[in-house]
Amino acid sequence: MRLARRLLLLCLCQAIACWGDSEPYRREVHLKVVSGPNGSLPNLLHVRAVGHSDAIHYVWGTLGAPTVVLVYSNSNESTLDVNWTKLFSPFPSGAVRIEPAESILYSTAIVFSKIFEYDDGNNTANFSGTSESSFYPAYNLADFVWGDVNKTLNSTALRAEFQGVNASDPAKAFQNGSVSFRVFAFEEGSRDPIAPRLLYTANCSKLEFVITEVAPRGKNSRFALEMVTLERKGRRKSMDSVWSIDDEYTPTIFEMAQLSSELQNDSQVQAFLQWKAVAYGDPSGGRDEAVPCQYHRLQNVSEAWPLPGLAVAFFGGDVREHYSVEALNISFGVADGEFYEKHNYLIWSALLGFGTPPRDSFSTLVIVIMAVALATPIVLLIVGFITMYILKKQRYSDYEPIN
Amino acid sequence: MSGCPVISRESHDRWGGMAEREEQEALLEGSGDGDGAGERLRSTGESSGMSAVCDPSRFAHRLVVLLIMCFLGFGSYFCYDNPAALQIQVQRDMKVNTATFMELYAWYSWPNVILCFFGGFLIDRVFGIRLGTIIFSLFVCIGQVIFATGALCNAFWLMEAGRFVFGIGGESLAVAQNTYAVSWFKGKELNLVFGLQLSMSRVGSTVNMNIMGWIYSSIESMIGAAGPKTLGISLMIGAVTCLFSLACALILGYLDKRAEKILNKEQGKTGDVIKLSDVKDFSLSLWLIFLICVCYYVAIFPFIGLGKVFFMGKFQFSSQEASAVNSIVYIISAPLSPVFGFLVDKIGKNVIWVLSAVATTLAAHLILAFTFWTPWLAMSLMGISYSLLACALWPMVAFVVPEHQLGTAYGFMQSIQNLGLGVIAIAAGAIMDTRGYLFLEIFFVACLCGSLIAVVMLYFVDNMTGGDLNLSATKRRKLQRLTAIEKES
């Protein structure tokens, strides 16, 4: 009975959602590479998603480790301003700004700092429990050489790609391979056609982290990605899992991981990074190539760690005084699973956005099947009893009195 | 899962139903021929001076025979669910997706779509029970060895071929096992024997579920790597249980032959007469029973086939725990089947029992689909309702079919059950690959709703045509007494 009620409620919610969706929220999205003076290669990508009265800016750059700065502004005319001389100087503080500055309501940054590689001889995929000696020297993404993002820019499909190789490549692992960060922006909400088929809105952008043909340093290599997040002190950054019974779009994956920032006394989410707990060992994203992934708890980053140029340029040299800097690891692979070596390929997708993170709901097909399947026997039972009652009554009334 | 457990499990139920009917009739007629035969056996046995264990007419000897009889099916029950116990390993080592993996079950079902009609015929007319049992055991053995060789050679098609051969033996072996039981225990401890064989089949399945993973990892650490070879060796070890069962078949054949000489008893017969032309006389009620059967079992066995990975994926169970919860259905039904059998016999009202069983299974699937509640709850519910359904559904056939068509009706029921299981197994694998577990569960829920619709229709059809499917046991007895009196006068 409770289940039935719950289903009914779900149907209603779905109906309302469908009705609400009839005019999906749209943003006007501009994706462009900000060109530097006299052909220098700053690799600064600016995504500007303009709404009715606000704008979300994503500024991607590879000055240092790949970094994305997310800015929410309450002015739909806010713009990005870059001071190139300052940016390339030893003190880039304030070189990258969103104008007007007072329109900025929120800003944060995520730095993709390192790729760990470790030998998982026992096939347990226990990243945090692996001894130091099993780790190969980590790839520091700040040392990578990144290709020209202008060449991969597609401003109609709203996508671009940062492709990098290890500058000093002692093990010759990057002879044919590379590491990429692909950026996708969206004008309106929909569902990604490729696995893990994330549901997105106009308030999101998608990033894909891809390792292609990078030679593993061992037969049993597994990888992990380290990210560093910046969050203004007084706000709370939290990492949690949302478990859903619905795996229709990402077969067999029930966990959605979410890194979100909230005001201390307000549960309203401001920015989020959201991903399904899965990566894939193959570009097709088939279920048999799924590589479940695991996140590990947030850790404070030591003061000594140098922030990448773009973060300093936007947040200022004294960023650590106002912002807490925390690191998060995501490890790819599951116990008894395939190793990276099988395809020499790994792709992991996540949504970066502002506002309420999207949540999956049952597809209409599921609801229709459930409704029809459960209702038919009940209807049949009721109709049957009524018919039987009428027939019996008729039979009795047909009897003539004996006398 | 149409397999051995399924089929033979169900053919046990079918035989239970038939045995009971025979007993009732015997009582009505006043002279039980089974009892008569028993008397005869006992008197001949006493005349020869043998120790109790060697004397075929004594209980002690029958106990030995019972033990061997129970282990006769152990190998095929054990190996039938090998794929479910090793799903992850099979899919990883043989590099197949879930739909292809489920073909292993489908290939077991295909030969039985036809063989259900002929198993009895082959035993009665062609081989005889002894030779028949040995031949079917051989098929099981060879099938499992081919299956394992397929893994060793990294040839999935060979594994499928192995399952096909295994399927030829598996179902018919169960029929043979039942025939032996009737031949040795009719008029004595027959219901108990059926009960024990049933429990034994579930023990085989359970042991398999919980031990194969361990065997695989032991082999893996011994040869140092996982791969088709590891899988092949593990399955070869599984084949030892089939060899053991083959040995039982040989010993049983010898003992039966010996008993025949000493007691002048005839070779057991299934008594199945299959006439396909009977199909046109089948009533609407019978077709509805078929529908209930197919729709119900396709939501149980293909689900258990995929269960282990489901519990690991959705509920984060460890491999061992997932195996354990996956086998709980079998564990529960082992002790419960006799209890429910007794209850349904005493109370009657089969349609209501079937209705509650289907509804409970539906609830179990809904819990698995829509909640993160512990699967122990849902699987226990499924185990209980599954046992109840078997006890209430299979005897119903005997109420809607004249006795001379009973063999055809049961053959037909098992045949379409196998067809359904084969098709649905593949479909379930494909659904899981492309749409995930929620959709798979919805699919099973839809199947169960189909079954529920059929039960509801059966209730009304039976009620309006004045059938006695849903009568209480007391009313049924009164009716039977009346017909008996009418017959006499």
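Here, each number is a calculation from the coordinates, and none is a lab measurement. None of these values were measured; they are calculated from a predicted model. FYI the Cβ positions are ideal-geometry reconstructions off the backbone, even for glycines, and counts take in every protein chain you see.
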Anisotropy class of the range A:340-383 from Cα gyration tensor, a/c 1.5 cut: oblate
Neighbourhood charge, 10 Å Cβ-Cβ cut-off, centred on A:T152 and excluding it, Lys, Arg +1 and Asp, Glu -1: +1
Where chymotrypsin sites (Phe, Trp or Tyr not before Pro) in DSSP loops with at most 16 other Cβ within 10 Å are excluded, longest remaining stretch of chain B: B:1-371
Other protein chain Cβ atoms within 10 Å, averaged over every residue that makes up A:249-259: 4
Separation between Cα centres of the range A:177-193 and the range A:48-121, rounded to whole Å: 18 Å
Cα centroid separation, the range A:271-292 to the range B:378-413 (Å): 45 Å
Longest site-free stretch - chain A; sites: GluC sites (Glu not before Pro), DSSP loop, at most 11 other Cβ within 10 Å: A:78-302
At least 27 Å along the helix axis (C-alpha) and Kyte average at least 0.0, DSSP helices within chain B: B:98-121, B:129-152, B:156-185, B:190-223, B:228-263, B:319-347, B:350-370, B:406-464
Loop chymotrypsin sites (Phe, Trp or Tyr not before Pro), the range A:275-334, which have at most 14 other Cβ atoms in a 10 Å radius of their Cβ (DSSP): none
Neighbour net charge for B:I88 - beta-carbon separation under 9 angstrom, K R +1, D E -1: +1
Count of lysine pairs in the range A:27-361 with Cα separation under 26 Å (8 or more residues apart, or interchain): 21
Trypsin sites (Lys or Arg not before Pro) within the range B:232-297, DSSP loop, no more than 16 other Cβ atoms inside 10 Å: B:K269, B:K275
Cα-based shape type of the range A:71-135, given that a ≥ b ≥ c are square roots of the gyration tensor eigenvalues and the cut on a/c is 1.5: prolate
Between helix A:2-21 and chain A: long-axis angle, C-alpha atoms, 0 to 90°, nearest 10: 60 degrees
Rounded if a/c under 1.5, otherwise prolate or oblate - chain B, Cα gyration tensor axes: oblate
Other protein chain Cβ atoms within 10 Å, averaged over every residue that makes up B:100-110: 0
Between 0 and 90°, nearest 10: helix A:364-398 axis offset from chain A longest Cα axis: 10 degrees
Loop-located trypsin sites (Lys or Arg not before Pro) in the range A:223-305 whose Cβ has at most 13 other Cβ within 10 Å (DSSP): A:R297
Shielding score for B:261-269, defined as the mean number of other chain Cβ atoms within 10 Å: 0
